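Enquirer: Questions regarding the structure given below will be posed in turn.
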């Protein structure tokens, strides 16, 4: 089990891949968080192999209780913390699913990382995390 922002994630089904050289250990993480970037290069590393597009997808809803609480918060104006919590959990789930997908490809890094969201219906949101899985080595 790995903890990421409070989410408990099982990584036992993941194959072991070499830890990126020169980075401190990140116990339990399939890919070191420092090896995931929105840019297309990793300073101090060279991309040896591009392994393809990886993604993590989730669809979330605040539920009946959360929707009611969010409605009351919205009436008062300001930050709607109930929906922020739903969005954060959705992003975390999509992010971790993308990491698992990359590890299955044999990656130790992800470049060009992005999030995309779509409202599918009222109170129903799709969150997609995606990037390019790569294998990188220290220069």
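The values are calculated or read from the model by the stated rules, or taken from the named source; none is laboratory data. Computed from a prediction, not measured in an experiment: that's the story for all the values here. Positions of Cβ are generated from backbone atoms using ideal geometry, with glycine treated the same way; all protein chains shown enter the neighbour counts.
Enquirer: Considering (1) under 17 Å from residue 137 (Cβ atoms); (2) crowded, with 19+ Cβ neighbours inside 10 Å; (3) at pLDDT below 85, say which one residue 82 fails and leave the rest.
Expert: Of everything listed in (1) under 17 Å from residue 137 (Cβ atoms); (2) crowded, with 19+ Cβ neighbours inside 10 Å; (3) at pLDDT below 85, residue 82 misses just condition (1).
Enquirer: Is it true that some residue in region 35-57 is farther than 30 Å from residue 110 by Cα and either part of a loop (DSSP other than H, G, I, E, B) or modelled with pLDDT under 80 (or both)?
Expert: First, the residues of region 35-57 that are farther than 30 Å from residue 110 by Cα: none.
No, that holds for no residue.
Enquirer: Which of the residues that make up region 85-123 are more than 23 Å from residue 52 (Cα to Cα) and in contact (Cβ under 8 Å) with a residue 40 or more places away in the chain?
Expert: Those that are more than 23 Å from residue 52 (Cα to Cα) and in contact (Cβ under 8 Å) with a residue 40 or more places away in the chain: 87, 88, 89, 120, 123.
Enquirer: Still on this structure, please answer the following. Does residue 131 qualify as being touching a strand residue (DSSP E or B) at 6+ places or on another chain (Cβ under 7 Å), at pLDDT 90 or above, within 25 Å of residue 32 (Cβ to Cβ) and surrounded by fewer than 21 Cβ atoms within 10 Å (Cβ to Cβ)? Before you say what the answer is, go through the steps one by one.
Expert: Working: touching a strand residue (DSSP E or B) at 6+ places or on another chain (Cβ under 7 Å): yes; at pLDDT 90 or above: yes; within 25 Å of residue 32 (Cβ to Cβ): yes; surrounded by fewer than 21 Cβ atoms within 10 Å (Cβ to Cβ): no.
Judged against the criteria, residue 131 is not a match.
Enquirer: Here are some conditions: (1) out of contact with any strand residue (DSSP E or B) (no Cβ under 8 Å at 6 or more places or on another chain); (2) part of a helix (DSSP H, G or I); (3) modelled with pLDDT under 85. Residue 77 meets all but one. Which one does it not meet?
Expert: (2)
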